[in-house]
Amino acid sequence: MANRKYIVGNWKMNGLRAQLSDIADIAAIAANHEGADVGICPPATLISAAVQANPGFAIGAQDCHFAENGAHTGCLSAAMLREAGATYSIVGHSERRADQQESDAEVKAKAEAAHAAGMDAIICVGETEEERDAGQAIEIVTVQLARSFPADASADWLTIAYEPVWAIGTGRVPETSDVAEMHAAIRDKLEELMGQGSDSVRILYGGSMNGGNASELLAVPNVDGGLVGGASLTAAKFGPIIEAAA
Ligand code: PEP
């Protein structure tokens, strides 16, 4: 049976209090499309206000630290984000893997920290353009997944996002046949890693998803939703993606 679709907006380092009205508009669209799960991950500074203003709408974090607390200036623990109202956290986004040199081991620890603090986790994996051109995409992504994979994983709290690095923010999208091949490989890897229950782990596609291509991407086998950057910033852009999923 197909999994219920899940559409998550990643606002990255965008959004001041003035943009809380965009979250309210998106939450209203989501409330009218109960056929899909929808959430927004704003910058951490907006989590608390977004949660208070939109009860019942799923607000998440874009990252969390793997440590419970301590000398990590500028970082936020999973418990802090949960206390602010986030119910899930993205971990291992390629921008963090590249900009902050996050390793697979750290991503695994972050997913486990999110779960320990009572949040769900969305683990991102994806290959670079060079890796795809070299024919290594499937190997790179499945190894990344295995090394980033948390202990005690369960579909109750874990989601995977396949995000080809070269498709993020570029307007370029892989062929649907390539998306299908990769999502099938991730599904197989999940079965190998966790056995029973792996079919229920949702696998999102991310990378230049928009209102024009969402229906086609969401129809690909094993694509259980989308992780959306640029097109999640306004209701006008995000609404059509929600509609395509619901
Ligand atoms: C992302 O940052 O997770 C992403 C998919 O960005 P965009 O949709 O802008 O490509």
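Observations on the structure shown:
- In order through the stretch 90-105: 3J(HN,Hα) via Karplus (6.51 cos²θ - 1.76 cosθ + 1.60), integer Hz, x for Gly, Pro: 6, 9, x, 4, 4, 5, 6, 4, 7, 6, 10, 6, 6, 8, 4, 5
- Residues with amide H under 5 Å from that of SER77, placed H, sequence gap 5 or more: HIS65
- Cross-link partners for LYS189 among the lysines, with Cα-Cα distance under 29 Å and sequence neighbours closer than 8 places in the same chain left out: LYS5, LYS12, LYS108, LYS110.
- Less than 5 angstrom separates the built amide H of ASN10 from those of CYS41, VAL228, GLY229, all sequence-distant by 5 or more or on a different chain.
- Highest mean packing first, where packing is the average number of other Cβ atoms within 10 Å per residue, the peptides 154-163, 97-106 line up as 154-163, 97-106.
- Taking 0.36 nm per residue of sequence separation and removing the Cα-Cα distance, the ASN14/GLU192 pair yields an extension gain of 60.3 nm.
- For SER89, the residues whose modelled amide H falls within less than 5 Å of its own, excluding neighbours fewer than 5 places apart on the same chain, are ALA61, ASP120, ALA121, ILE122.
- Helical runs (DSSP H, four residues minimum) scored at -39500 (n - 2.57) apiece and divided by the length of the chain put the mean residue ellipticity at 222 nm at -12000 deg cm²/dmol.
Taken together, the values in this text are just the output of simple stated rules run on the coordinates, not laboratory data. The structure presented is a predicted model; accordingly, all values stated were derived computationally and were not measured. Because the Cβ atoms are built from the backbone with ideal geometry, glycine has one as well, and the counts that use them run over all protein chains shown.
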